[in-house]
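Every read-out reported here was derived from the displayed coordinates using simple, explicitly stated rules and does not represent laboratory data. Note that the structure is a prediction, hence the values are computed from the model and not measured. Every residue, glycine among them, receives a Cβ derived from its backbone with ideal geometry; neighbour counts consider all protein chains shown.
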Amino acid sequence: MPISSSVSEQIRETIQIEAFIYHVLRGGHEEPTYYDQVELTNEQKTFFEGQIKTACEGTQFIFLDPANNTFAADAIKILDDVDAELSSTSRRLAQRFLGTHNGSTNDGIFIVSVFSMLVEQSRRRFLAILIVDFSTVYRQNVREEQHRIIVSLERVIDSLSDNPKSLQKWAIIDPSNTYAWDVVALQRHKGSADKDTNNAISKYFRGFLQAEIRETPSVLTRRAHQVVANWAKTVNDLPDGSMWQDYRSRAVDYLTARESFDTDNFIDHVLGSYFYDGMDEDEVAKKSMLKQLHATGLRSRLAQEGVAGQVFQCAHGSLGLKKTTTLKTAENVKIVYQGTTEASGIRVLEEPGTGDKIIQIKTSSYETLE
């Protein structure tokens with residue numbers, strides 16, 4: 001049965017490079033500079049094993065259309081016959097990567113490495129794709145032997161070999177079903193808010209990998225929250241005094257407090273109460289119809305995004321800190337609060353006949369801050 005979790009720290013400590021090659025990508029060039037073999041010293045091998053260890057941290061993806069996925073097929077070819085396939089297939093991968101790039105390419109080293117890890121007491125092979133800054137790792141020495149071009153590496157004085165920022169993009173590939181994911185990938189300058197979303201890597205990098213995000217609990221938790229925020233922004237007939245941020249806050253409350261996701265319970269919690277004391281029967285009927293209309297709309301959006309009907313464990317830590325909401329009036333008065341307006345004692349009303357807004361804040365006390 002495939003392992004559904006990410007690569008543990010204990011397993012990453014067992015990483016060993018078994019084969020390694022790279023080709024050079026240069027801005028403005030249509031073809032990479034290809035090499036037939038790369039020789040590594042023990043020190044350099046240790047360095048790149050550290051880079052691969054870093055690359056095991058990322059967002060999980062699965063292959064699109066596995067039966068016809070050319071990237072998956074190339075990865076399998078290399079892992080099945082490293083000696084015969086590494087040089088030629090890695091060239092094809094480098095060329096394809098350059099061809100799928102949707103803009104000017106930064107100079108970089110396109111590394112393809114076969115490595116192994118000790119998983120469940122068995123050493124298993126994986127593939128690493130690392131795109132590394134070209135000028136900040138090692139100086140290369142090229143020589144020709146028996147009509148083959150061979151490159152060796154020499155460490156330079158100002159090398160950033162100890163700096164993880166030398167990694168531009170990276171992907172760990174497991175086409176053998178050791179893990180439930182096929183690819184773990186990420187790229188530089190992506191924050192925690194991007195992890196477990198399609199923004200974890202660029203569109204063209206996803207196209208190169210021919211992969212889509214795997215629907216982990218973390219992915220689904222984030223998506224459910226984002227669907228609510230996007231939907232609420234489009235609703236023009238929210239109940240009096242309600243704001244779209246209230247719906248977002250209630251979504252966060254649900255996803256950080258509940259153990260598992262249930263579509264009906266989630267929608268009911270997000271919508272909250274549309275009623276208040278003293279409402280007459282006609283108003284109750286109108287608000288009942290409005291809430292039902294909103295429930296139908298939100299359910300439709302959740303269904304479109306593949307969330308409705310799913311049952312998953314809410315990933316409590318995937319949403320980060322709760323967001324604050326800031327109200328700013330035309331007079332430049334700012335009100336900052338966290339959670340819903342109701343929980344914060346805030347009501348936003350409209351003055352009849354004028355269109356002016358009245359903001360009420362109910363509190364037991366207050367203080368003046370500088």
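When Rg and Dmax are taken over the Cα atoms of segment 288-365, they come to 17.7, 49 Å. Which residue, A185, A315, A295, has the most motion in a Gaussian network model of the chain that connects Cα atoms within less than 10 Å? So, out of A185, A315, A295, the one fluctuating most is A295. Within segment 1-69, all pairs of alpha-carbon atoms sorted by distance into 10 Å bins from zero give the percentages 15, 30, 38, 17, 1.
When W244, W181 are arranged by Cβ crowding within 10 Å, least crowded first, meaning fewest neighbours, the order is W244, W181. Comparing Cα centroids, segment 283-302 and segment 204-237 end up 23 angstrom apart.
The convex hull built on the alpha-carbon positions of segment 156-268 has an orientation-averaged projected area of 11.5 nm². Per q in 0.08, 0.12, 0.14 Å⁻¹, report the Debye log10 I(q)/I(0) for segment 9-214, using one uniform scatterer on each alpha carbon and no solvent. The calculated log intensity ratios at q = 0.08, 0.12, 0.14 Å⁻¹ are -0.25, -0.58, -0.81.
Per the Debye formula on identical point scatterers at the alpha carbon atoms of the chain, with no solvent, log10 I(q)/I(0) at q = 0.10 Å⁻¹ is -0.76. Placing unit charges on the Cβ atoms only, positive for Lys and Arg and negative for Asp and Glu, gives the chain a dipole magnitude near 400 debye about its Cα centre. As a rough footprinting exposure proxy, the listed residues S122, S218 were ranked by other beta carbons within 10 Å of their own, and the order from fewest upward is S122, S218.
If you wrap segment 218-361 in the convex hull of its Cα atoms and look at it from every side, the mean projected area works out to 9.5 nm².
From zero up to wherever the largest Cα-Cα distance of segment 294-335 sits, split into 10 Å bins and tell me the percent of pairs in each. Computed distribution, short to long bins: 21, 23, 32, 20, 4.
If I fit a long axis through the Cα atoms of helix 42-55 and take the longest principal axis of the Cα atoms of the chain, what angle between them do I get, 0 to 90°, rounded to 10? Its long axis makes an angle of about 20 degrees. By the count of other C-beta atoms within 10 Å, a proxy for reagent exposure, D280, D240 are ordered fewest to most as D280, D240.
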